[in-house]
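To start, the structure under review is shown below, and the notes come after it.
The values are calculated or read from the model by the stated rules, or taken from the named source; none is laboratory data. Since this is a predicted model, take the numbers as computed values, not measurements. Every residue, glycine as well, gets a Cβ built from its backbone with ideal geometry; the counts of neighbours run over all protein chains shown. Just so you know, the surface numbers come from the protein's heavy atoms only, side chains and all, with ligands and any DNA or RNA stripped out. Shrake-Rupley method; radii C 1.70, N 1.55, O 1.52, S 1.80 Å.
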Amino acid sequence: MSERILEIRHLSKAFGSHAVLKDIDFTVDRGDVTSIIGASGSGKSTLLRCINLLETPTTGEIFFHGKDVTKEKASAYRAKVGMVFQNFNLFSNLSVLDNCMIGQQKVSRIPKEEAKKRALYYLNKVGMAPYINARPNQISGGQKQRVAIARALAMEPEVLLFDEPTSALDPEMVGEVLDVMKSLAADRMTMLVVTHEMAFARDVSTHVVYMADGIIEEQGKPEKIFTDPESPSTRSFLKRILNE
Amino acid sequence: MFAQLLSDISSLWARYGSVYLQGIANTLILAVTATLIGCIIGFFCGILQTIPYGLNDNIFKKILLKLIRIIIRVYVEVFRGTPMILQAVFIYYGMPYFFGIAFRDIWTVSIVVVSVNTGAYMAESVRGGIMSIDVGQFEGAKAIGMNHWQTMLHIILPQTLRNIMPQIGNNYIINVKDTSVMFIIGFSDFFAVHKMVSGAVFKYFPSAFMEMGGYLILTLVASFLLRKMEKKLAGKSNYELVNTDQLVMTAGTYNYPKEAGSPFEEVNKDYKGEKK
(Lines give C-alpha, C1' and ligand atoms only; values in the text may rest on other atoms or scores of the structure.)
Protein backbone atom coordinates (compact mmCIF):
# COMPACT_ATOMS: atom_id res chain seq x y z
CA MET A 1 0.00 0.00 0.00
CA SER A 2 1.33 3.37 -0.90
CA GLU A 3 1.93 6.28 1.40
CA ARG A 4 -1.10 8.24 2.58
CA ILE A 5 -0.80 11.96 1.88
CA LEU A 6 -4.19 13.44 2.64
CA GLU A 7 -6.97 12.24 4.85
CA ILE A 8 -10.16 14.25 5.11
CA ARG A 9 -12.40 13.40 8.04
CA HIS A 10 -15.94 14.61 8.69
CA LEU A 11 -15.36 17.78 6.71
CA SER A 12 -18.31 20.18 6.62
CA LYS A 13 -18.59 23.66 5.25
CA ALA A 14 -21.51 26.02 5.58
CA PHE A 15 -21.91 29.53 4.25
CA GLY A 16 -24.31 30.98 6.78
CA SER A 17 -27.17 28.52 7.04
CA HIS A 18 -26.41 27.00 3.65
CA ALA A 19 -24.52 23.73 4.05
CA VAL A 20 -22.32 23.19 1.01
CA LEU A 21 -20.34 20.21 2.26
CA LYS A 22 -21.78 17.64 4.63
CA ASP A 23 -19.52 15.25 6.47
CA ILE A 24 -17.03 14.47 3.72
CA ASP A 25 -14.56 11.60 4.22
CA PHE A 26 -11.92 10.54 1.79
CA THR A 27 -8.23 9.91 1.37
CA VAL A 28 -5.49 10.55 -1.16
CA ASP A 29 -2.47 8.27 -1.45
CA ARG A 30 0.77 9.01 -3.22
CA GLY A 31 0.42 8.61 -6.95
CA ASP A 32 -3.38 8.79 -6.94
CA VAL A 33 -5.04 10.75 -9.68
CA THR A 34 -8.48 11.45 -8.26
CA SER A 35 -11.16 13.10 -10.36
CA ILE A 36 -14.02 14.77 -8.56
CA ILE A 37 -17.09 14.96 -10.75
CA GLY A 38 -20.62 16.10 -10.16
CA ALA A 39 -23.18 18.69 -11.14
CA SER A 40 -22.56 22.41 -10.64
CA GLY A 41 -23.27 23.42 -7.06
CA SER A 42 -22.59 19.97 -5.69
CA GLY A 43 -19.67 21.29 -3.63
CA LYS A 44 -16.72 20.02 -5.71
CA SER A 45 -14.86 23.31 -5.87
CA THR A 46 -15.63 24.17 -2.26
CA LEU A 47 -14.17 20.82 -1.23
CA LEU A 48 -10.99 21.54 -3.14
CA ARG A 49 -10.75 25.04 -1.69
CA CYS A 50 -11.26 23.64 1.80
CA ILE A 51 -8.46 21.15 1.25
CA ASN A 52 -6.13 24.04 0.39
CA LEU A 53 -7.59 26.06 3.29
CA LEU A 54 -8.65 28.85 0.96
CA GLU A 55 -11.98 28.27 2.67
CA THR A 56 -11.93 27.53 6.37
CA PRO A 57 -13.84 24.32 7.00
CA THR A 58 -16.72 24.76 9.45
CA THR A 59 -16.00 21.42 11.12
CA GLY A 60 -13.81 18.42 10.46
CA GLU A 61 -10.14 17.69 10.05
CA ILE A 62 -7.68 17.55 7.18
CA PHE A 63 -4.66 15.37 7.88
CA PHE A 64 -1.56 15.95 5.79
CA HIS A 65 0.91 13.14 6.51
CA GLY A 66 -1.04 12.46 9.68
CA LYS A 67 -0.96 16.05 10.96
CA ASP A 68 -4.14 18.08 11.28
CA VAL A 69 -3.53 21.17 9.16
CA THR A 70 -6.69 23.03 10.15
CA LYS A 71 -4.97 23.85 13.44
CA GLU A 72 -1.67 24.95 11.91
CA LYS A 73 -0.30 27.87 9.98
CA ALA A 74 -1.87 27.64 6.55
CA SER A 75 0.99 29.11 4.50
CA ALA A 76 3.55 26.39 5.26
CA TYR A 77 1.04 23.69 4.36
CA ARG A 78 -0.10 25.44 1.19
CA ALA A 79 3.47 25.55 -0.09
CA LYS A 80 3.38 21.73 -0.18
CA VAL A 81 -0.02 21.54 -1.85
CA GLY A 82 -0.14 23.09 -5.29
CA MET A 83 -3.29 24.59 -6.71
CA VAL A 84 -4.32 25.33 -10.27
CA PHE A 85 -7.34 27.60 -10.63
CA GLN A 86 -10.10 27.83 -13.17
CA ASN A 87 -9.15 31.46 -13.88
CA PHE A 88 -5.37 30.82 -13.84
CA ASN A 89 -4.69 33.58 -11.27
CA LEU A 90 -1.24 34.26 -12.66
CA PHE A 91 0.42 37.29 -11.12
CA SER A 92 -0.23 39.94 -13.73
CA ASN A 93 2.64 42.18 -12.60
CA LEU A 94 5.25 39.48 -13.20
CA SER A 95 6.65 37.78 -16.29
CA VAL A 96 6.01 34.10 -16.96
CA LEU A 97 9.42 33.21 -15.56
CA ASP A 98 8.99 35.36 -12.44
CA ASN A 99 5.58 33.82 -11.85
CA CYS A 100 7.33 30.48 -11.51
CA MET A 101 10.22 31.85 -9.42
CA ILE A 102 8.60 34.12 -6.87
CA GLY A 103 7.16 31.36 -4.69
CA GLN A 104 10.42 29.44 -4.66
CA GLN A 105 12.41 32.53 -3.76
CA LYS A 106 10.12 34.09 -1.18
CA VAL A 107 8.44 31.07 0.38
CA SER A 108 11.00 28.29 -0.01
CA ARG A 109 13.99 30.68 0.17
CA ILE A 110 15.68 29.05 -2.79
CA PRO A 111 18.57 31.08 -4.28
CA LYS A 112 17.80 32.90 -7.53
CA GLU A 113 19.94 30.79 -9.85
CA GLU A 114 18.55 27.53 -8.50
CA ALA A 115 14.99 28.88 -8.66
CA LYS A 116 15.49 29.91 -12.27
CA LYS A 117 16.80 26.49 -13.21
CA ARG A 118 13.84 24.82 -11.61
CA ALA A 119 11.33 27.26 -13.14
CA LEU A 120 12.79 26.68 -16.61
CA TYR A 121 12.66 22.92 -16.12
CA TYR A 122 8.96 22.99 -15.34
CA LEU A 123 8.14 25.63 -17.95
CA ASN A 124 9.83 23.41 -20.49
CA LYS A 125 7.77 20.49 -19.26
CA VAL A 126 4.55 22.35 -20.02
CA GLY A 127 5.94 23.67 -23.30
CA MET A 128 6.03 27.29 -22.17
CA ALA A 129 9.78 27.82 -22.03
CA PRO A 130 9.71 30.04 -25.15
CA TYR A 131 7.45 32.52 -23.38
CA ILE A 132 9.47 33.24 -20.26
CA ASN A 133 9.63 36.96 -21.03
CA ALA A 134 5.91 37.38 -21.71
CA ARG A 135 3.44 38.81 -19.26
CA PRO A 136 0.28 36.87 -18.43
CA ASN A 137 -1.97 39.25 -20.36
CA GLN A 138 0.05 38.64 -23.53
CA ILE A 139 -0.54 34.90 -23.82
CA SER A 140 -3.61 32.78 -24.57
CA GLY A 141 -5.82 31.05 -22.01
CA GLY A 142 -4.35 27.63 -22.62
CA GLN A 143 -0.85 29.01 -22.31
CA LYS A 144 -1.79 30.82 -19.09
CA GLN A 145 -3.08 27.62 -17.61
CA ARG A 146 0.09 25.78 -18.58
CA VAL A 147 2.15 28.48 -16.89
CA ALA A 148 -0.09 28.19 -13.84
CA ILE A 149 0.62 24.46 -13.75
CA ALA A 150 4.36 25.16 -14.04
CA ARG A 151 4.11 27.72 -11.25
CA ALA A 152 2.47 25.14 -8.99
CA LEU A 153 4.98 22.45 -10.00
CA ALA A 154 7.94 24.72 -9.36
CA MET A 155 7.09 24.60 -5.66
CA GLU A 156 7.53 20.80 -5.99
CA PRO A 157 4.30 20.07 -4.15
CA GLU A 158 3.29 16.65 -2.91
CA VAL A 159 -0.24 17.01 -4.21
CA LEU A 160 -1.54 19.15 -7.02
CA LEU A 161 -5.13 20.37 -6.85
CA PHE A 162 -6.90 21.37 -10.05
CA ASP A 163 -10.07 23.42 -9.81
CA GLU A 164 -11.81 22.98 -13.18
CA PRO A 165 -8.59 23.77 -15.06
CA THR A 166 -10.16 23.72 -18.51
CA SER A 167 -13.55 25.29 -17.83
CA ALA A 168 -12.51 28.84 -18.68
CA LEU A 169 -10.75 27.87 -21.89
CA ASP A 170 -11.78 28.04 -25.51
CA PRO A 171 -12.49 24.51 -26.79
CA GLU A 172 -9.41 24.53 -29.00
CA MET A 173 -7.14 25.15 -26.00
CA VAL A 174 -8.54 22.42 -23.76
CA GLY A 175 -6.36 19.80 -25.43
CA GLU A 176 -3.01 21.40 -24.67
CA VAL A 177 -3.84 21.69 -20.97
CA LEU A 178 -5.21 18.16 -20.72
CA ASP A 179 -2.08 16.86 -22.43
CA VAL A 180 0.07 18.47 -19.77
CA MET A 181 -2.11 16.97 -17.05
CA LYS A 182 -1.90 13.55 -18.66
CA SER A 183 1.86 13.76 -18.77
CA LEU A 184 1.88 14.63 -15.07
CA ALA A 185 -0.35 11.66 -14.36
CA ALA A 186 2.06 9.47 -16.31
CA ASP A 187 4.84 10.86 -14.10
CA ARG A 188 2.92 9.54 -11.07
CA MET A 189 2.21 13.02 -9.74
CA THR A 190 -0.45 12.92 -7.05
CA MET A 191 -3.39 14.91 -8.36
CA LEU A 192 -6.86 15.86 -7.25
CA VAL A 193 -8.86 17.19 -10.16
CA VAL A 194 -12.28 18.81 -10.11
CA THR A 195 -13.37 18.49 -13.69
CA HIS A 196 -16.16 18.35 -16.22
CA GLU A 197 -13.90 16.52 -18.68
CA MET A 198 -15.38 13.05 -18.43
CA ALA A 199 -12.84 11.57 -20.82
CA PHE A 200 -10.05 12.70 -18.50
CA ALA A 201 -11.86 11.32 -15.45
CA ARG A 202 -12.47 8.01 -17.15
CA ASP A 203 -9.16 7.45 -18.91
CA VAL A 204 -6.51 9.17 -16.84
CA SER A 205 -7.60 9.10 -13.22
CA THR A 206 -7.10 6.20 -10.88
CA HIS A 207 -10.05 7.15 -8.68
CA VAL A 208 -13.32 8.91 -9.36
CA VAL A 209 -15.37 10.68 -6.72
CA TYR A 210 -18.92 11.60 -7.60
CA MET A 211 -20.43 14.39 -5.51
CA ALA A 212 -24.06 15.44 -5.24
CA ASP A 213 -25.61 17.98 -2.88
CA GLY A 214 -22.56 18.31 -0.66
CA ILE A 215 -21.93 14.63 -0.04
CA ILE A 216 -19.82 11.99 -1.73
CA GLU A 217 -22.46 9.91 -3.41
CA GLU A 218 -20.11 7.33 -4.81
CA GLN A 219 -16.40 6.75 -5.26
CA GLY A 220 -14.25 4.08 -6.80
CA LYS A 221 -12.26 3.01 -9.82
CA PRO A 222 -13.20 4.86 -13.00
CA GLU A 223 -14.05 1.65 -14.84
CA LYS A 224 -16.58 0.79 -12.16
CA ILE A 225 -18.13 4.26 -11.87
CA PHE A 226 -18.41 4.81 -15.60
CA THR A 227 -19.67 1.39 -16.57
CA ASP A 228 -21.58 0.12 -13.57
CA PRO A 229 -22.38 2.85 -11.04
CA GLU A 230 -24.11 1.77 -7.82
CA SER A 231 -26.12 4.90 -7.12
CA PRO A 232 -29.06 5.95 -9.30
CA SER A 233 -27.94 9.55 -8.88
CA THR A 234 -24.52 8.76 -10.36
CA ARG A 235 -26.14 6.84 -13.16
CA SER A 236 -28.48 9.67 -14.15
CA PHE A 237 -25.68 12.27 -13.90
CA LEU A 238 -23.38 10.27 -16.15
CA LYS A 239 -26.18 9.50 -18.57
CA ARG A 240 -27.02 13.18 -18.80
CA ILE A 241 -23.46 14.39 -19.24
CA LEU A 242 -22.17 11.64 -21.55
CA ASN A 243 -25.12 11.87 -23.92
CA GLU A 244 -24.82 15.59 -24.39
CA MET B 1 -0.29 97.76 -20.72
CA PHE B 2 1.51 94.60 -21.72
CA ALA B 3 4.86 96.32 -22.12
CA GLN B 4 4.50 97.74 -18.62
CA LEU B 5 3.80 94.29 -17.22
CA LEU B 6 6.85 92.84 -18.94
CA SER B 7 9.16 95.55 -17.68
CA ASP B 8 7.75 95.16 -14.14
CA ILE B 9 8.29 91.44 -14.27
CA SER B 10 11.84 91.78 -15.56
CA SER B 11 12.72 94.32 -12.90
CA LEU B 12 11.23 92.04 -10.23
CA TRP B 13 13.17 89.12 -11.63
CA ALA B 14 16.40 91.08 -11.74
CA ARG B 15 16.08 92.03 -8.10
CA TYR B 16 14.37 89.01 -6.57
CA GLY B 17 15.01 86.21 -9.11
CA SER B 18 17.10 84.15 -6.75
CA VAL B 19 14.52 84.54 -3.98
CA TYR B 20 11.77 83.26 -6.28
CA LEU B 21 13.98 80.34 -7.32
CA GLN B 22 14.71 79.54 -3.70
CA GLY B 23 10.95 79.58 -3.09
CA ILE B 24 10.39 77.17 -5.96
CA ALA B 25 13.12 74.89 -4.64
CA ASN B 26 11.57 74.89 -1.16
CA THR B 27 8.12 74.18 -2.56
CA LEU B 28 9.43 71.30 -4.67
CA ILE B 29 11.48 69.75 -1.88
CA LEU B 30 8.52 69.92 0.50
CA ALA B 31 6.02 68.60 -2.08
CA VAL B 32 8.22 65.72 -3.23
CA THR B 33 9.29 64.66 0.27
CA ALA B 34 5.79 64.91 1.71
CA THR B 35 4.21 63.04 -1.22
CA LEU B 36 6.75 60.23 -0.90
CA ILE B 37 6.31 59.93 2.87
CA GLY B 38 2.55 60.27 2.42
CA CYS B 39 2.61 57.36 -0.05
CA ILE B 40 4.57 55.22 2.38
CA ILE B 41 2.08 56.04 5.15
CA GLY B 42 -0.77 55.27 2.74
CA PHE B 43 0.66 51.91 1.67
CA PHE B 44 1.42 50.99 5.25
CA CYS B 45 -2.16 51.79 6.29
CA GLY B 46 -3.39 49.86 3.26
CA ILE B 47 -1.50 46.70 4.26
CA LEU B 48 -2.54 46.98 7.91
CA GLN B 49 -6.19 47.55 7.07
CA THR B 50 -6.41 44.52 4.81
CA ILE B 51 -4.86 41.90 7.12
CA PRO B 52 -7.52 39.21 7.02
CA TYR B 53 -8.82 37.49 10.10
CA GLY B 54 -10.98 34.40 10.10
CA LEU B 55 -13.13 32.40 12.44
CA ASN B 56 -10.22 30.36 13.74
CA ASP B 57 -7.97 33.23 14.77
CA ASN B 58 -7.58 33.88 18.46
CA ILE B 59 -9.43 36.66 20.17
CA PHE B 60 -6.36 38.87 20.76
CA LYS B 61 -5.49 38.90 17.09
CA LYS B 62 -9.05 39.85 16.22
CA ILE B 63 -9.15 42.66 18.80
CA LEU B 64 -5.74 43.94 17.70
CA LEU B 65 -6.73 44.01 14.04
CA LYS B 66 -10.05 45.67 14.82
CA LEU B 67 -8.20 48.27 16.88
CA ILE B 68 -5.74 48.95 14.04
CA ARG B 69 -8.62 49.49 11.64
CA ILE B 70 -10.34 51.88 14.04
CA ILE B 71 -7.14 53.89 14.59
CA ILE B 72 -6.54 54.21 10.85
CA ARG B 73 -10.17 55.19 10.31
CA VAL B 74 -9.91 57.95 12.93
CA TYR B 75 -6.60 59.15 11.49
CA VAL B 76 -8.05 59.34 7.98
CA GLU B 77 -11.24 61.10 9.04
CA VAL B 78 -9.47 63.68 11.22
CA PHE B 79 -6.76 64.65 8.75
CA ARG B 80 -9.00 64.51 5.72
CA GLY B 81 -11.74 66.41 7.47
CA THR B 82 -9.81 69.44 8.74
CA PRO B 83 -7.97 72.16 6.77
CA MET B 84 -4.24 71.62 6.40
CA ILE B 85 -3.62 75.24 7.31
CA LEU B 86 -5.21 74.60 10.71
CA GLN B 87 -3.35 71.34 11.15
CA ALA B 88 -0.12 73.25 10.68
CA VAL B 89 -1.10 75.81 13.31
CA PHE B 90 -2.37 73.08 15.58
CA ILE B 91 0.84 71.08 15.51
CA TYR B 92 3.26 74.03 15.45
CA TYR B 93 1.69 75.90 18.34
CA GLY B 94 0.14 72.91 20.08
CA MET B 95 3.30 70.91 20.67
CA PRO B 96 4.54 73.00 23.60
CA TYR B 97 1.22 72.46 25.42
CA PHE B 98 1.28 68.69 25.10
CA PHE B 99 4.93 67.77 25.15
CA GLY B 100 6.59 70.85 26.57
CA ILE B 101 8.76 71.06 23.48
CA ALA B 102 8.42 73.44 20.62
CA PHE B 103 9.33 72.47 17.08
CA ARG B 104 11.65 75.27 16.22
CA ASP B 105 12.42 73.72 12.88
CA ILE B 106 9.78 74.89 10.43
CA TRP B 107 10.97 72.38 7.84
CA THR B 108 10.26 69.44 10.14
CA VAL B 109 6.80 70.67 11.04
CA SER B 110 5.95 71.41 7.44
CA ILE B 111 7.08 67.99 6.22
CA VAL B 112 5.24 66.25 9.06
CA VAL B 113 2.00 68.15 8.46
CA VAL B 114 1.94 67.75 4.69
CA SER B 115 3.05 64.10 4.84
CA VAL B 116 0.47 63.14 7.43
CA ASN B 117 -2.20 64.98 5.46
CA THR B 118 -1.21 63.30 2.20
CA GLY B 119 -1.03 59.96 4.02
CA ALA B 120 -4.66 60.29 5.05
CA TYR B 121 -5.76 60.71 1.45
CA MET B 122 -3.34 58.05 0.21
CA ALA B 123 -4.59 55.53 2.78
CA GLU B 124 -7.99 55.67 1.11
CA SER B 125 -6.53 55.61 -2.40
CA VAL B 126 -4.42 52.57 -1.55
CA ARG B 127 -7.38 50.84 0.09
CA GLY B 128 -9.38 51.46 -3.08
CA GLY B 129 -6.46 50.25 -5.18
CA ILE B 130 -6.15 47.04 -3.18
CA MET B 131 -9.90 46.43 -3.38
CA SER B 132 -9.75 46.79 -7.15
CA ILE B 133 -7.26 43.92 -7.50
CA ASP B 134 -8.88 40.65 -8.54
CA VAL B 135 -9.33 38.29 -5.58
CA GLY B 136 -7.68 35.62 -7.72
CA GLN B 137 -4.34 37.39 -7.32
CA PHE B 138 -4.57 36.97 -3.54
CA GLU B 139 -5.62 33.34 -3.90
CA GLY B 140 -2.86 32.59 -6.38
CA ALA B 141 -0.31 33.97 -3.93
CA LYS B 142 -1.83 32.15 -0.96
CA ALA B 143 -1.88 28.91 -2.92
CA ILE B 144 1.91 28.91 -3.32
CA GLY B 145 2.31 29.51 0.41
CA MET B 146 2.82 33.26 0.62
CA ASN B 147 1.76 35.02 3.82
CA HIS B 148 -0.07 38.34 3.93
CA TRP B 149 3.07 40.52 3.88
CA GLN B 150 4.69 38.60 1.04
CA THR B 151 1.46 38.65 -0.97
CA MET B 152 1.10 42.37 -0.45
CA LEU B 153 4.73 43.28 -1.06
CA HIS B 154 5.40 41.19 -4.16
CA ILE B 155 2.03 40.76 -5.83
CA ILE B 156 -0.66 43.18 -4.73
CA LEU B 157 1.14 46.45 -4.03
CA PRO B 158 3.08 46.57 -7.32
CA GLN B 159 -0.26 46.25 -9.12
CA THR B 160 -1.91 48.71 -6.76
CA LEU B 161 0.90 51.20 -7.32
CA ARG B 162 0.30 51.07 -11.04
CA ASN B 163 -3.44 51.49 -10.63
CA ILE B 164 -3.22 54.43 -8.26
CA MET B 165 -0.45 56.25 -10.11
CA PRO B 166 -2.98 58.87 -11.30
CA GLN B 167 -4.03 59.38 -7.66
CA ILE B 168 -0.45 59.82 -6.57
CA GLY B 169 -0.04 62.35 -9.35
CA ASN B 170 -3.13 64.15 -8.12
CA ASN B 171 -1.78 64.27 -4.61
CA TYR B 172 1.60 65.50 -5.73
CA ILE B 173 0.13 68.31 -7.79
CA ILE B 174 -2.20 69.27 -4.96
CA ASN B 175 0.83 69.31 -2.67
CA VAL B 176 2.81 71.57 -4.98
CA LYS B 177 0.04 74.12 -4.73
CA ASP B 178 -1.25 73.56 -1.23
CA THR B 179 2.10 73.68 0.51
CA SER B 180 1.55 77.42 0.08
CA VAL B 181 -0.60 77.36 3.22
CA MET B 182 2.55 76.59 5.21
CA PHE B 183 3.35 80.31 5.10
CA ILE B 184 1.08 80.44 8.17
CA ILE B 185 3.89 78.99 10.28
CA GLY B 186 6.55 80.88 8.37
CA PHE B 187 7.63 78.34 5.77
CA SER B 188 9.22 80.27 2.90
CA ASP B 189 7.80 78.51 -0.12
CA PHE B 190 7.12 79.95 -3.57
CA PHE B 191 3.93 81.69 -2.49
CA ALA B 192 5.55 83.13 0.65
CA VAL B 193 8.08 84.79 -1.65
CA HIS B 194 5.21 86.51 -3.44
CA LYS B 195 3.84 87.84 -0.19
CA MET B 196 7.24 89.04 0.86
CA VAL B 197 8.26 90.63 -2.45
CA SER B 198 4.94 92.23 -3.31
CA GLY B 199 4.72 93.62 0.21
CA ALA B 200 8.14 95.20 -0.22
CA VAL B 201 7.75 96.70 -3.69
CA PHE B 202 3.93 96.91 -4.09
CA LYS B 203 3.94 95.10 -7.43
CA TYR B 204 1.12 92.67 -6.68
CA PHE B 205 0.00 91.79 -10.17
CA PRO B 206 3.39 91.25 -11.87
CA SER B 207 4.46 89.05 -8.96
CA ALA B 208 1.18 87.12 -9.02
CA PHE B 209 1.62 86.70 -12.76
CA MET B 210 5.03 85.14 -12.24
CA GLU B 211 3.64 82.93 -9.49
CA MET B 212 0.82 81.70 -11.72
CA GLY B 213 3.24 80.88 -14.51
CA GLY B 214 5.68 79.27 -12.11
CA TYR B 215 3.10 77.00 -10.48
CA LEU B 216 1.70 76.02 -13.86
CA ILE B 217 5.14 75.06 -15.13
CA LEU B 218 5.80 73.04 -11.98
CA THR B 219 2.56 71.09 -12.33
CA LEU B 220 2.85 70.60 -16.10
CA VAL B 221 6.31 69.14 -15.72
CA ALA B 222 4.99 66.89 -12.96
CA SER B 223 2.10 65.70 -15.15
CA PHE B 224 4.48 64.93 -17.97
CA LEU B 225 6.87 62.96 -15.77
CA LEU B 226 4.01 61.05 -14.14
CA ARG B 227 2.68 59.98 -17.54
CA LYS B 228 6.13 58.72 -18.44
CA MET B 229 6.31 56.79 -15.20
CA GLU B 230 2.88 55.25 -15.76
CA LYS B 231 3.98 54.03 -19.15
CA LYS B 232 7.10 52.54 -17.67
CA LEU B 233 5.15 50.77 -14.93
CA ALA B 234 2.83 49.27 -17.54
CA GLY B 235 5.79 47.29 -18.87
CA LYS B 236 6.85 46.43 -22.37
CA SER B 237 4.09 45.88 -24.86
CA ASN B 238 5.86 43.03 -26.61
CA TYR B 239 8.15 40.19 -25.68
CA GLU B 240 10.64 37.97 -27.42
CA LEU B 241 10.15 34.27 -27.92
CA VAL B 242 13.11 32.23 -26.82
CA ASN B 243 12.14 29.56 -29.36
CA THR B 244 8.85 28.17 -30.57
CA ASP B 245 6.10 26.66 -28.47
CA GLN B 246 5.79 23.01 -29.38
CA LEU B 247 2.25 22.57 -28.12
CA VAL B 248 0.58 25.32 -30.09
CA MET B 249 0.33 25.57 -33.84
CA THR B 250 0.92 29.03 -35.21
CA ALA B 251 -2.75 29.20 -36.11
CA GLY B 252 -3.48 28.89 -32.42
CA THR B 253 -5.13 25.50 -32.68
CA TYR B 254 -4.01 22.45 -30.84
CA ASN B 255 -3.85 19.61 -33.36
CA TYR B 256 -0.16 19.25 -34.03
CA PRO B 257 0.77 16.38 -36.34
CA LYS B 258 1.18 13.14 -34.40
CA GLU B 259 4.24 11.95 -36.34
CA ALA B 260 6.10 15.11 -35.37
CA GLY B 261 6.02 13.77 -31.83
CA SER B 262 5.14 15.61 -28.66
CA PRO B 263 7.57 17.00 -26.14
CA PHE B 264 6.09 14.48 -23.72
CA GLU B 265 7.13 11.40 -25.61
CA GLU B 266 9.66 10.62 -22.93
CA VAL B 267 7.19 10.75 -20.07
CA ASN B 268 4.23 9.55 -22.07
CA LYS B 269 5.41 5.97 -22.50
CA ASP B 270 2.97 4.55 -19.98
CA TYR B 271 0.03 6.48 -21.26
CA LYS B 272 -1.62 4.74 -24.17
CA GLY B 273 -3.73 7.64 -25.35
CA GLU B 274 -7.36 8.52 -24.97
CA LYS B 275 -9.77 5.66 -25.62
CA LYS B 276 -12.52 6.61 -27.96
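Tabulated results
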{"quantity": "Distance between modelled label sites at B:TYR204 and B:ILE59, nm, 7 Å Cα→Cβ extension", "calculated": "6.6"}
{"quantity": "Radius ratio Rg over Rh of the range A:86-186, counting only Cα atoms, Kirkwood formula for Rh", "calculated": "0.94"}
{"quantity": "Förster-model FRET efficiency, 35 Å R0, A:SER17 and B:LEU86, C-beta, rounded to 0.05", "calculated": "0.10"}
{"quantity": "Whether the range A:47-122 is rounded, prolate or oblate, judged on the alpha carbon gyration tensor where a/c under 1.5 counts as rounded", "calculated": "prolate"}
{"quantity": "Unit charges on C-beta of K, R, D, E only; dipole of the protein assembly as shown, Debye", "calculated": "1300"}
{"quantity": "Calculated from backbone phi, Karplus (6.51, -1.76, 1.60) coupling profile of the range A:218-227 in Hz, x at Gly/Pro", "calculated": "7, 9, x, 5, x, 4, 5, 5, 7, 9"}
{"quantity": "Angle between chain B longest axis and helix B:190-201 axis [Cα atoms, degrees, rounded to 10]", "calculated": "20"}
{"quantity": "Carbon and sulfur %, accessible surface of the range A:90-244 computed with the full protein complex present, 1.4 Å", "calculated": "46"}
{"quantity": "Average partner coverage of A:123-131, which counts Cβ from other chains inside 10 Å", "calculated": "5"}
{"quantity": "Pairwise centroid distance, computed over Cα atoms, of the range A:102-152 with the range A:165-244, Å", "calculated": "27"}
{"quantity": "Charge tally in the Cβ shell below 11 Å around A:ILE216, where Lys, Arg are +1 and Asp, Glu are -1, A:ILE216 excluded", "calculated": "-3"}
{"quantity": "Tensor-based shape of chain B (alpha-carbon gyration tensor, a/c under 1.5 rounded, otherwise prolate or oblate)", "calculated": "oblate"}
{"quantity": "Folded to 0 to 90 degrees: helix A:232-242 orientation relative to chain A principal axis, Cα", "calculated": "50"}
{"quantity": "Farthest positive-ward along chain B dipole, Cα basis, beta-carbon charges - from B:PHE205, B:GLY81, B:SER18", "calculated": "B:GLY81"}
{"quantity": "Protein accessible surface hidden between A and B, which excludes ligands and nucleic acids, total in Å², probe 1.4 Å", "calculated": "4000"}
{"quantity": "5 angstrom amide H check on A:GLU217, placed H, neighbours 5+ away", "calculated": "A:TYR210, A:MET211, A:ALA212"}
{"quantity": "Ordering of A:59-67, A:159-167 by burial proxy (mean other Cβ atoms within 10 Å per residue, highest first)", "calculated": "A:159-167, A:59-67"}
{"quantity": "Cut-off under 5 Å, modelled amide H: who pairs with A:VAL193 long-range", "calculated": "A:THR34, A:SER35, A:ILE36, A:PHE162"}
{"quantity": "Hz values of 3J(HN,Hα) by residue in the range B:163-174 - Karplus curve (6.51, -1.76, 1.60), Gly and Pro given as x", "calculated": "5, 9, 3, x, 5, 5, x, 3, 4, 5, 5, 4"}
{"quantity": "Structure-based [θ]222 nm, chain A - -39500 (n - 2.57) summed over DSSP H runs of at least 4, per residue, nearest 500", "calculated": "-11000 deg cm²/dmol"}
{"quantity": "29 Å Cα-Cα reach of B:LYS236 towards lysines, excluding residues that sit fewer than 8 places from it in its own chain", "calculated": "A:LYS106, A:LYS112, A:LYS116, A:LYS117, A:LYS125, A:LYS144, B:LYS142, B:LYS228"}
{"quantity": "Solvent-accessible surface (1.4 angstrom probe) belonging to B:CYS45, in square angstrom, nearest 10", "calculated": "10"}
{"quantity": "Amide hydrogen neighbours beyond the local backbone of A:GLN86, cut-off 5 Å, H modeled", "calculated": "A:ASP163"}
{"quantity": "FRET efficiency estimate (nearest 0.05) - Cβ-Cβ, B:LEU21 to B:LYS228, R0 22 angstrom", "calculated": "0.35"}
{"quantity": "Helix-derived mean residue ellipticity, 222 nm - over chain B, DSSP H n ≥ 4, -39500 (n - 2.57), to 500", "calculated": "-23000 deg cm²/dmol"}
{"quantity": "Hz values of 3J(HN,Hα) by residue in the range B:229-241 - Karplus curve (6.51, -1.76, 1.60), Gly and Pro given as x", "calculated": "5, 4, 4, 5, 5, 5, x, 5, 8, 10, 8, 9, 6"}
